[in-house]
Amino acid sequence: MRKAILITLIITAVAVIAASSISSDAEDEDKMLIDMGNGVTYWTVATGTDAIAMAESFAHSQNLKFEKDDGKIICIGEMAEHAVGDQVCSWRLFQWTGAAWTTKSDTVRTSGSIAWGFYPDGTTPVETPEYQAAWIQFRGDSMSSGVSDSYGTEKIAVPLEWYKTYRTGYVDSSIIVAGEYMYHTTYGETTSEGARSHAQLYCLNRLTADMIWKFDLTTGDGTYPDTKDNGYNITSPAIIGDMIAINSATSHDSGKGTVMALYLLDRFTGKLIDYEEIAHNPPLNEKGIPVWKGRTFVNGGTSLTYDSGALYFGTSDGRVLAYSVSHQGLTLLWEYVPPSDVVEGVYVGTRGSIYYYSPVIVDVDGKRILYIGNYEGYLLAIDASTGESIWEKQLIALYEKNQIHRGTPGAVDLVTYIGDGKLVVICSDGAMSPIMGRIVCIDAETGEGPDGSEFYWRTDGVFQGTVTVGKGDFILYAKKASKACEDTDPAISQEGLYRLDRNGKTVWRVDSNYIWSRLTVAEDIVYMSEYSAGFYDDGGHVLARNISDGSIVWSIKLEPYSKTSYSMTAPTVIEGKIYAANDYGAVYCISTVEGKKWDGGGEIILPGGFWHWSWALLIIVAIGAIVVLIRYY
């Protein structure tokens, strides 16, 4: 009997150690949130009664700039009170009621959790004491960093925890997450006779996969006719407080020309708050053809970027717009239209069609600068507060060298800030599956290289991904181009996943199947989705790799799937769960929870080793218990 009791006590102790090894701070402990208003957040324990002093102490502990004046916070980190157009964004204090954040008029904390949020009046933080991580927009934050401040998992279960399939088209948008909710779009499908299925915005319970609501992006509130549209929806939504906004890339002929819609909804109910028609009106010549040389799309606007109280996006007719967002609706703050001059029959403007890639916003010496590329080969740098142009630079100019789209300059696609005042920019020939391209490193303030040179460094190849790790290093997928853009440039010679340093030098390279989505980093792991289950003999996996050397932590094939299950969606990593999607028309949840089996069940690859230090501790405790049993019984 004594032996049985002892064994039971040992098992209980082991279970307690296991639970405590993976638990976070006590759930009933008061918290303080610092919400930068752009997708970047910090959490800490709330102690003390002076909310300003608490924020100041935390900012100093994180080496964040901090300024205060006359009983209010002026600046935390790079976020200082300023206006976008005529809308002012500032630091505001919120109190958690147990169900929602409410504005707090004084800065005295008596009890409970509080939040400092960089928002305009009427907007509240998204994260809560219960759910201290969110992925509110394309690539997570306004810098499009792809870096999650949450955690993934080094151990996964098979079959997948859950999957959900649709009959309304592919899932090519980012998966947006806040609390128990996740949001994504479906592509929509059409035939020559008209609409067969409409593009949709879905809200799911991310823990159960139950549908909460859906919103038709093709007909909206009935303003648009139930007929064939001019494109498919691949844009990603953005969360603003208790609202969600989405650019419908499915454009329509309004009778006055082609338009798309910017929708604003209640994110909990899907009820429409407001919408704005966005015209497609490119500069045309006497034949009705756009005057620029680049490709032209009619699919509306890009995915949305939220920063400093404003929504930013580019349009298919080459403009950049900023809108305010509130429960009263959408209001245009500014519009930038690049020049489209034609001199003696030659186009000399910088305006070009903007498609798919959302704006990136970076703080450069105290100024919020918006960067966005177009299909005329230009990268535009715009003052995010005023909409005024800072500089515009053509980073790719293939024209007749373009092998897929002859005569067009190519496209400026992905922009990534790697620190130290530098941007790395991916350019391509403008094709959906490019065969030519380059990556360029330039100064974020000037668009140039050192001492007024053209660039810091440049490499030819076909690139995708780009997520920062370490100080100036970044990881991306690369392969050899069919032809170099410039014969003088160094070129990628091997396909694979690369970690490069800020000088473009290889830190490591590993073999990789085709990756045509962005990458996501959480803690020390980079997550990625292979392009297709049919593109390679063994494709269609989501992989987790160590950022230190590129070695595989785990790899799992998304099921169900088809041979055309192309994936352009980066994994979203939140609280130990990885959400993925592809052109099978499905979303998937990968975690340590075993789900229902689907046919073959899924092939999982897990290398050996301990997943967590707590497992080693458990084994040590277990061995010690066995020794005690043998010694005394």
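Taking the criterion of being under 22 Å from Gly257 (Cβ atoms) and at pLDDT 95 or above, would at least one residue in the stretch 356-370 satisfy it? Within the stretch 356-370, not a single residue is under 22 Å from Gly257 (Cβ atoms) and at pLDDT 95 or above.
The condition (being at pLDDT 95 or above, surrounded by fewer than 19 Cβ atoms within 10 Å (Cβ to Cβ) and touching a Gly at 6+ places or on another chain (Cβ under 9 Å)) is satisfied by just one residue among Thr124, Thr102, Thr128: Thr124. For Ala431, indicate whether it is small (Gly, Ala, Ser) and more than 29 Å from Asp549 (Cβ to Cβ). Yes, satisfied. Condition first: under 18 Å from Cys589 (Cα atoms) and not in a strand (DSSP E or B). Now tell me which residues in the stretch 540-561 satisfy that. Answer for the stretch 540-561, where residues must be under 18 Å from Cys589 (Cα atoms) and not in a strand (DSSP E or B): Gly540, Leu558, Glu559, Pro560, Tyr561.
Only one of Ser105, Ser111 is of a type in the set (S, T, N, Q), assigned to a loop (DSSP other than H, G, I, E, B) and touching a residue at least 60 places away in the same chain (Cβ under 8 Å). Can you tell me which?
On the way: Ser105 fails: touching a residue at least 60 places away in the same chain (Cβ under 8 Å).
Being of a type in the set (S, T, N, Q), assigned to a loop (DSSP other than H, G, I, E, B) and touching a residue at least 60 places away in the same chain (Cβ under 8 Å) holds for just one of Ser105, Ser111, which is Ser111.
Per the listing Val553, Val526, Val542, the residue uniquely within 23 Å of Thr165 (Cα to Cα) and either assigned by TED's automatic domain parsing to the domain that holds Asp413 or modelled with pLDDT of 95 or more (or both) is Val542.
In the stretch 409-453, how many residues are of a type in the set (Lys, Arg) and closer than 18 Å to Asp487 by Cα? Don't jump to the end; show me each part of the working.
Just the residues of the stretch 409-453 that are of a type in the set (Lys, Arg), to begin with: 422, 438.
Now restrict to residues that are closer than 18 Å to Asp487 by Cα: 438.
Qualifying residue count for the region: 1.
Give me the residue from the stretch 406-416 that is within 11 Å of Lys293 (Cβ to Cβ) and buried (at least 24 other Cβ atoms within 10 Å of the Cβ) and, out of that set, farthest from the chain's Cα centre (by Cα). Steps first, please.
First pass over the stretch 406-416, keeping only residues within 11 Å of Lys293 (Cβ to Cβ): 406-410.
Next, only the ones that are buried (at least 24 other Cβ atoms within 10 Å of the Cβ) stay: 408-410.
Details: Thr408: 29, Pro409: 27, Gly410: 24 Å.
Top of the filtered list is Thr408.
If you go through the stretch 80-98 one residue at a time, do you hit one that is of a type outside the set (D, E, K, R), within 25 Å of the chain's Cα centre (by Cα) and farther than 21 Å from Asp307 by Cβ? No, that holds for no residue. Taking the numbered list (1) within 24 Å of Val291 (Cβ to Cβ); (2) surrounded by fewer than 21 Cβ atoms within 10 Å (Cβ to Cβ); (3) among the aliphatic types (A, V, I, L, M) in turn, Ile435 passes all entries but (1). Among the residues examined, Ala261 does not qualify as modelled with pLDDT of 95 or more and among the small types (Gly, Ala, Ser). For Trp391, the conditions (1) of a type in the set (A, V, I, L, M, F, W, C); (2) surrounded by 24 or more Cβ atoms within 10 Å (Cβ to Cβ); (3) outside any loop (DSSP other than H, G, I, E, B) all hold with the exception of (2). Here Gln403 meets each of (1) buried (at least 24 other Cβ atoms within 10 Å of the Cβ); (2) outside any strand (DSSP E or B) with one exception, condition (1). Cβ-Cβ contacts under 9 Å between residues 6 or more apart (or on different chains), taken from a first residue in the stretch 115-130 that is in the same structural domain as Ile240 (by TED's automatic domain parsing) and without any contact (Cβ under 8 Å) to a residue 12 or more places away in the chain to a second residue that is outside any loop (DSSP other than H, G, I, E, B) and among the basic types (Lys, Arg), are absent. In this structure, does Thr153 turn out to be outside any strand (DSSP E or B), of a type outside the set (A, V, I, L, M) and over 30 Å from Ile74 (Cα atoms)? The answer is yes for Thr153.
Screening Met432 against (1) at pLDDT below 95; (2) among the hydrophobic types (A, V, I, L, M, F, W, C); (3) not in a loop (DSSP other than H, G, I, E, B) leaves a single unmet condition, (3).
Checking the stated criteria, Val348 turns out to be without any contact (Cβ under 8 Å) to a residue 12 or more places away in the chain and at negative phi. Considering every residue within the stretch 474-497, establish whether at least one is assigned by TED's automatic domain parsing to the domain that holds Leu370, small (Gly, Ala, Ser), surrounded by fewer than 17 Cβ atoms within 10 Å (Cβ to Cβ) and closer than 28 Å to Leu370 by Cα. Taking every residue of the stretch 474-497 in turn, none turns out to be assigned by TED's automatic domain parsing to the domain that holds Leu370, small (Gly, Ala, Ser), surrounded by fewer than 17 Cβ atoms within 10 Å (Cβ to Cβ) and closer than 28 Å to Leu370 by Cα. Among residues belonging to the stretch 229-248 that are modelled with pLDDT of 90 or more and part of a loop (DSSP other than H, G, I, E, B), point out the one that is farthest from the chain's Cα centre (by Cα). Among those residues, the one meeting the criterion is Asp242.
Scanning the stretch 282-314 for residues that are part of a strand (DSSP E or B) and either free of Cβ contacts under 8 Å to residues at least 40 places away in the same chain or not assigned by TED's automatic domain parsing to the domain that holds Arg406 (or both) gives a single hit, Leu284.
From the list Tyr356, Tyr375, the lone residue that is on the phi > 0 side of the Ramachandran plot and not in a strand (DSSP E or B) is Tyr356.
When you look at Tyr166, is it farther than 30 Å from Gly373 by Cβ and either buried (at least 18 other Cβ atoms within 10 Å of the Cβ) or not assigned by TED's automatic domain parsing to the domain that holds Ala310 (or both), yes or no? Give the derivation first.
Working: farther than 30 Å from Gly373 by Cβ: yes; either buried (at least 18 other Cβ atoms within 10 Å of the Cβ) or not assigned by TED's automatic domain parsing to the domain that holds Ala310 (or both): yes.
In short, yes.
Going by the structure shown, is Arg438 farther than 18 Å from Gly449 by Cβ and basic (Lys, Arg)? When the stated conditions are applied, Arg438 does not pass them. Screening the stretch 420-432 for residues that are touching a strand residue (DSSP E or B) at 6+ places or on another chain (Cβ under 6 Å) and closer than 20 Å to Tyr566 by Cα and picking the one that is surrounded by the fewest Cβ atoms within 10 Å (Cβ to Cβ) gives Gly430.
Can you find a residue in the stretch 64-76 that is outside any loop (DSSP other than H, G, I, E, B), farther than 16 Å from Leu33 by Cβ and out of contact with any strand residue (DSSP E or B) (no Cβ under 8 Å at 6 or more places or on another chain)? Yes, because at least one residue in the stretch 64-76 is outside any loop (DSSP other than H, G, I, E, B), farther than 16 Å from Leu33 by Cβ and out of contact with any strand residue (DSSP E or B) (no Cβ under 8 Å at 6 or more places or on another chain).
Going through the stretch 296-322 one residue at a time, which ones are among the charged types (D, E, K, R) and surrounded by fewer than 23 Cβ atoms within 10 Å (Cβ to Cβ)?
In the first step, residues of the stretch 296-322 are kept if they are among the charged types (D, E, K, R); the result is 307, 317, 319.
Hit for the stretch 296-322 is Arg319, nothing else.
Screening Thr386, Thr350 for residues that are within 20 Å of Glu454 (Cα to Cα) and not in a strand (DSSP E or B) leaves exactly one candidate, Thr350. Of all the criteria given as (1) charged (D, E, K, R); (2) surrounded by 14 or more Cβ atoms within 10 Å (Cβ to Cβ); (3) at pLDDT below 95, the one not satisfied by Lys293 is (3).
The values are calculated or read from the model by the stated rules, or taken from the named source; none is laboratory data. Just so it is clear, the structure is predicted and the values come from calculations on it, not from any experiment. Positions of Cβ are generated from backbone atoms using ideal geometry, with glycine treated the same way; all protein chains shown enter the neighbour counts.
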